[in-house]
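All remarks here apply to the structure that follows.
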Amino acid sequence: MNKAYAFLLGTAFLAVPAFAQQAEPLDAAVVEKIRQEGLKNSQVMDIAFYLTDVNGPRLSGSPGLARANQWTKDKLTSWGLKNATIEPWGTFGKGWEVEKSYLALTKPYYQPMIGSPKAWTPSTNGTVKGQVVLVKATKEEDLAQYAGKLKGKIVMMQVNNPIKTSFEPSAFRYTDEQLQKMAEPVQPSAGRAPMSEEQMAAFRARRALATKMSEMFLQEGAAAVLSSRSGSHGTFFTSNGASYAQDAKPVLPEFEIALEDLARMSRLLSAGIPVEVELESKTRFVTDDPQGYNVIAEIPGTDKKLKSELVMLGGHIDSWHAATGATDNAAGVAVMMEAVRILKALNLQPKRTIRIALWGGEEQGLHGSRGYAKKHLGDAQTMQTLPEYDKVSAYFNLDNGTGKIRGIYTQGNEAVAPLFKEWFKPFHDLGATTVTNRNTGGTDHLAFDALGIPGFQFIQDEIEYDTRTHHTNMDTYDRLQPDDLKQASVIVASFVYQTANRKDKLPRKPKPQPKQS
């Protein structure tokens, strides 16, 4: 999930139907069975181990993601889920993986550096050793001074994020006060204020300059590029250095490296001390199948009238490539898989069909869930819907890291709040209490919410998500919190079961208006 977009938005208050205000009895015995199975017999960490350590990085379109898709399909089938399939959601583009990566400072002395090739960048021509040139440019005219000086050189981008020591912990949980404030109803709002003309102009100028720099480095014959966005203590945040489109323009090999390594070289060069680097990247593009895929499986409903209706749960299975995508989002996938395992292990008989979906291509723009929604449910632009649109009661998503569930965002759907508050009561002792009418963005529930289908993301403790693991080289199995994932699995299983067995589908917000004629 791109957390930069996971902001909280104000939402308009909606009229609450009278029936939604009435407390619905919980099947306390079933809830207790779910709790005992999930807390005492959990397989969630074993699932996470196979997703991360065994299958490895799961970049969209990569062999690692294909391995994980097959493993999850087979595992869901082994538990007794039906109709398990690896289903195409649409055209993605080129896959990509790293086969070899090496990076070291060689002058003024030798020392290995921390870094990784940026996604969808090409290989170097074997091992490259070259002088580092620091490029400082705030506008296109600044690039003229480097003309004719970059051939065979390793270009280093200017450090714009100074390294600061933080005296705050890098991991945290929500306090009771924070959760209480989060639960307070927000006033109607249109969301984030749009960019001003000046801000938009500055944004466009930065993008244009970055494009021009990339083109110039390639034309000048530079050997490679070194860059860093942010991070500390050897943690770096990774991304793509080129497009995954089939017809993407060529770029240079590029490494994203620890900010400390970049800052050291910047200081040396600014002092007039020559710097040399040795590096090699061997990357492979996968072009034989441009399709993107989701993994889908079901627990069929048992009620004659309701079994055609759906309760959905899921999370995205793709990750970035510099680590093994543990908190983003093997954690969410493992929890959702464990939730359906719990329901099958207890041989519960849901009235409605429960469908789990493990989405691909989330990191590049929610592609898997949006492709699925357009294929099965309807077009969010025109609001032309398909027959299955009216069959979905709700979609529950998990994609905010390894932290325990503390509550849920209703996305402004006031009518579900009394239900959810009741469903959380058996888990107050596990820290899950908060129901907020606020929105959260940046992940796959938005594909459903955009159509007016109840789509929800759970509130989770941050732990180290924004500081250490989200899109970084440190997003590994070791960062997962076993007790938190067990707690989350139990709550998800209970919510899904309650939704599948209640008399009516969950209430919906008013159907969105078409976004185009």
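The values are calculated or read from the model by the stated rules, or taken from the named source; none is laboratory data. Because the structure is predicted, anything quoted here is derived from the model rather than measured. Glycine also receives a Cβ, built like all others from the backbone with ideal geometry; neighbour counts cover every protein chain displayed. Calculation scope for accessible area: heavy atoms of the full protein, side chains included, ligands and nucleic acids excluded. Shrake-Rupley method; radii C 1.70, N 1.55, O 1.52, S 1.80 Å.
Just so you know, in the stretch 251-287 the residues that are among the β-branched types (Val, Ile, Thr) and open to solvent by 30 Å² or more (accessible area, probe 1.4 Å) include one that is farthest from Val155 (Cα to Cα), and it is Thr287. Taking the listed residues Ala190, Ala208, Ala183, the one that is at pLDDT below 85 and out of contact with any helix residue (DSSP H, G or I) (no Cβ under 6 Å at 6 or more places or on another chain) is Ala190, with no other qualifying. If you go through the stretch 202-237 and keep only what is touching a Phe, Trp or Tyr at 6+ places or on another chain (Cβ under 6 Å) and either of a type in the set (D, E, K, R) or surrounded by fewer than 22 Cβ atoms within 10 Å (Cβ to Cβ) (or both), you end up with Arg229, Ser230. Give the residues of the stretch 485-504 that are touching a Ser or Thr at 6+ places or on another chain (Cβ under 9 Å), open to solvent by 10 Å² or more (accessible area, probe 1.4 Å) and of a type outside the set (Lys, Arg), sorted by residue number. Answer for the stretch 485-504, where residues must be touching a Ser or Thr at 6+ places or on another chain (Cβ under 9 Å), open to solvent by 10 Å² or more (accessible area, probe 1.4 Å) and of a type outside the set (Lys, Arg): just Asp504. For Gln70, indicate whether it is open to solvent by 50 Å² or more (accessible area, probe 1.4 Å), within 13 Å of Leu358 (Cα to Cα) and either modelled with pLDDT of 95 or more or in contact with a Ser or Thr (Cβ under 6 Å, 6 or more places away or on another chain) (or both). Judged against the criteria, Gln70 is a match. Against the test of being open to solvent by 10 Å² or more (accessible area, probe 1.4 Å) and over 30 Å from Ala29 (Cβ atoms), the options Gln481, Gln513 yield a single qualifying residue, Gln513. Summed over the stretch 381-427, residues that are buried (at least 19 other Cβ atoms within 10 Å of the Cβ) and acidic (Asp, Glu) total 2. Just so you know, in the stretch 34-47 the residues that are in contact with an Asp or Glu (Cβ under 9 Å, 6 or more places away or on another chain) and surrounded by 23 or more Cβ atoms within 10 Å (Cβ to Cβ) include one that is farthest from Trp71 (Cα to Cα), and it is Gly38. Of the listed requirements (1) in contact with a Gly (Cβ under 7 Å, 6 or more places away or on another chain); (2) among the small types (Gly, Ala, Ser); (3) within 30 Å of Ser101 (Cα to Cα), Ala326 misses just one: (1).
Quick grid of which residues meet (1) touching a residue at least 12 places away in the same chain (Cβ under 8 Å); (2) not in a helix (DSSP H, G or I):
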{"site": "Ser393", "(1), (2)": "yes, yes"}
{"site": "Phe396", "(1), (2)": "yes, yes"}
{"site": "Gly403", "(1), (2)": "yes, yes"}
{"site": "Arg406", "(1), (2)": "yes, yes"}
{"site": "Gly412", "(1), (2)": "yes, yes"}
{"site": "Pro418", "(1), (2)": "yes, no"}
{"site": "Lys421", "(1), (2)": "yes, no"}
{"site": "His428", "(1), (2)": "no, no"}
{"site": "Ala432", "(1), (2)": "yes, yes"}
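In summary, Lys151 fulfils each of the numbered conditions (1) at pLDDT below 90; (2) open to solvent by 80 Å² or more (accessible area, probe 1.4 Å); (3) not in a helix (DSSP H, G or I) with the single exception of condition (1). Residues in the stretch 467-517 that are under 16 Å from the mean Cα position of the chain (by Cα) and of a type in the set (Val, Ile, Thr): Thr467, Thr469, Thr472, Thr476.
Leu105 satisfies every condition listed in (1) open to solvent by 50 Å² or more (accessible area, probe 1.4 Å); (2) touching a strand residue (DSSP E or B) at 6+ places or on another chain (Cβ under 8 Å); (3) not in a loop (DSSP other than H, G, I, E, B) except (1).
A single member of Gln145, Gln111 is loosely packed, with under 13 Cβ neighbours inside 10 Å, in contact with a Leu (Cβ under 7 Å, 6 or more places away or on another chain) and of a type in the set (S, T, N, Q), and it is Gln111. Being under 24 Å from the mean Cα position of the chain (by Cα) and at pLDDT below 95 is a condition met by at least one residue of the stretch 441-460. In the set Trp96, Trp89, only one residue is modelled with pLDDT of 95 or more, over 30 Å from Lys129 (Cα atoms) and either open to solvent by less than 70 Å² (accessible area, probe 1.4 Å) or assigned to a strand (DSSP E or B) (or both); that residue is Trp89.
Checked against (1) open to solvent by less than 10 Å² (accessible area, probe 1.4 Å); (2) in contact with a Phe, Trp or Tyr (Cβ under 7 Å, 6 or more places away or on another chain), Thr433 meets all criteria but (1). The C-beta contact set for the stretch 275-287 (first residue of a type in the set (Lys, Arg), second residue part of a loop (DSSP other than H, G, I, E, B) and crowded, with 20+ Cβ neighbours inside 10 Å, distance under 8 angstrom, 6+ apart or interchain) comprises Lys282/Thr124.
Being in contact with a helix residue (DSSP H, G or I) (Cβ under 9 Å, 6 or more places away or on another chain) and of a type in the set (S, T, N, Q) is the filter; apply it to the stretch 288-311 and report the residue that is surrounded by the most Cβ atoms within 10 Å (Cβ to Cβ). This residue is Asn294.
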